Amino acid sequence: MVTIVQAKLGALVLALSVLPSQLIASPAGAPGAIEGAVLLAAGLPRPQPRRVSNSTDPEVCGRVKSLGDLLVSEAGGVAHVIVSLTDVPAEKMASTSPPRRVVLDNRDCEFHPHSIVLRAGDTLEMRNSDKTLHTVHLYGPSEENVSLPFQGVSISRRLTSEGIYQVKCDVHGWMQAFLRVDAHRFHSVTDSQGAFQIPGIPAGRYTLEAWHERLGFHRSPVEIRAGKTTSVELELDNPGALAQD
């Protein structure tokens, strides 16, 4: 009797092992993902970031600084674009991941990184790596103004108000960065090639929103399937912004 059961189980295992992989469906509750790129619209000239002359702490900062406000790769990918899902139902925002600590460094008289995404409740650690006074002044859904008077000092703030923040240094006017705080973690920032990934998304229909400091907003519907990766390509088109060059 035992021998017969084992034989049947062995046959079942063998049968399953030869099933085509496409017939084995992902679990219904498995999360999906988005991967893609944000590109400058075809036909537009490839711009350069704006540069400014500097007379404040030139021995530390240099005499010419880039704003880093529009970086486009040879293939047309736009860096520093903040990409986030909107229309996310509250029941799909639940996360078991703990709050994060994200560093915003004042280095070489520039903010690093230039764009950041956080979930409400995350901590922003503001750090000064330069031998000069910097401030980190947040403008947006809430306001913070933090002084970092000497090299090596850091101060942290927990951000809870959702939305987009502009970050400036009151001492060095060209310094700027941007933050987006969401109620969820379904967001990302494009790399130097304009590429991004957002993992762990519950299946459903959403709006994918891309925002760039000079090229503005782009919104597109997107459907996420359980256990699948959705590929997207977004084009930003704002000739008026490019006319500022």
In order through region 132-144: 3J(HN,Hα) via Karplus (6.51 cos²θ - 1.76 cosθ + 1.60), integer Hz, x for Gly, Pro: 7, 6, 10, 10, 10, 10, 8, 10, x, x, 9, 10, 9
Inverse mean reciprocal Cα-Cα distance (Kirkwood Rh) of the chain, Å: 20.6
Give, in nm to one decimal, the length gained when the segment between Ala30 and Ser192 is fully stretched (0.36 nm per residue of separation minus the Cα-Cα distance). 55.3 nm
How compact is region 82-145 by the rule of thumb for globular proteins, expressed as Cα Rg over 2.2 N^0.38 Å? 1.37
Here the cysteines of the chain lacking a cysteine partner under 4.7 Å (Cβ to Cβ) are Cys169
For helix 2-17, what angle does its Cα long axis make with the longest principal axis of the chain, in degrees from 0 to 90 and rounded to 10? 40
Suppose every K and R has +1 on its Cβ and every D and E has -1 on its Cβ; what is the size of the dipole of region 30-242 about the Cα centre, in Debye to the nearest 20? 220
Here the FRET efficiency for Val60 versus Asp237, based on Cβ atoms and R0 = 30 Å and rounded to 0.05, is 0.20
Where a Cα-Cα gap under 13 Å defines reach, which aspartates and glutamates qualify for Lys65, not counting those fewer than 8 residues away within the same chain? Asp57, Asp108, Glu110
Near Val60, within a Cβ-to-Cβ distance under 9 Å, what is the net charge of the other residues, with Lys and Arg +1 and Asp and Glu -1? -3
Antiparallel versus total DSSP beta bridges in the chain: what percent is that, nearest 5? 70
Computed [θ] at 222 nm, helices only, for the chain once each DSSP H run of length n ≥ 4 contributes -39500 (n - 2.57): -2500 deg cm²/dmol
Size of region 124-245 as Cα extents on the principal axes (Å, biggest first): 49, 36, 26
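Read the figures in this text as sums done on the coordinates, not as results from a lab. Keep in mind that this is a model prediction, so the values were computed, not measured. Positions of Cβ are backbone-derived with ideal geometry, glycine not excepted, and every protein chain shown enters the neighbour counts.
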